[in-house]
Amino acid sequence: MAALPKRKLSKARQGEGHSHIVVKPRALLECPDCHSPKLLHHACPSCGSYRGREVIKIKPAKKTT
């Protein structure tokens, strides 16, 4: 059987315990090749390069007429 609290925590005390549980924004970095934002330790989604090399072949966007 698990340990149980002796008294009920109030909602204010519960909120104090949960105050550090937040969703943090993802860290973005500028791609050195195309200067678009990319995630850290990921290949650039617009040019496909990672650490100065092309690692993903990016298809050109379709032009609509």
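Please treat every number below as a calculation from the coordinates, not as lab data. Worth saying up front: this structure is predicted, and the values here are computed from it rather than measured. Because the Cβ atoms are built from the backbone with ideal geometry, glycine has one as well, and the counts that use them run over all protein chains shown.
Quote the convex hull volume per residue of the stretch 26-65, based on C-alpha atoms, as a whole number of Å³.
Values: hull volume 3.1 nm³, N = 40.
Here the figure is 78 Å³ per residue.
Which value in deg cm²/dmol, rounded to the nearest 500, describes the helix-derived mean residue ellipticity at 222 nm for the chain, given -39,500 (n - 2.57) per DSSP H run of n ≥ 4 and division by the residue count? Write out the running numbers ahead of the final one.
Values: 1 runs with 8 residues, N = 65.
Dividing the helical sum by the residues of the chain leaves -3500 deg cm²/dmol.
Provide, for the chain, the number of lysine pairs with alpha carbons under 25 Å apart, each pair being eight or more places apart or on different chains.
Close lysine pairs found across the chain: 6.
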*Which residue, R51, R26, R13, has the most motion in a Gaussian network model of the chain that connects Cα atoms within less than 10 Å?*
R13
*Of P45, P25, P37, which has the largest mean-square fluctuation in a 10 Å C-alpha GNM of the chain?*
P25
_Within the chain: Cβ-based charge dipole about Cα centre, in debye rounded to nearest 20 (Lys, Arg +1; Asp, Glu -1)_ = 400
*Picking from K11, K24, K38, which is most flexible by a Gaussian network model of the chain using Cα springs under 10 Å?*
K11
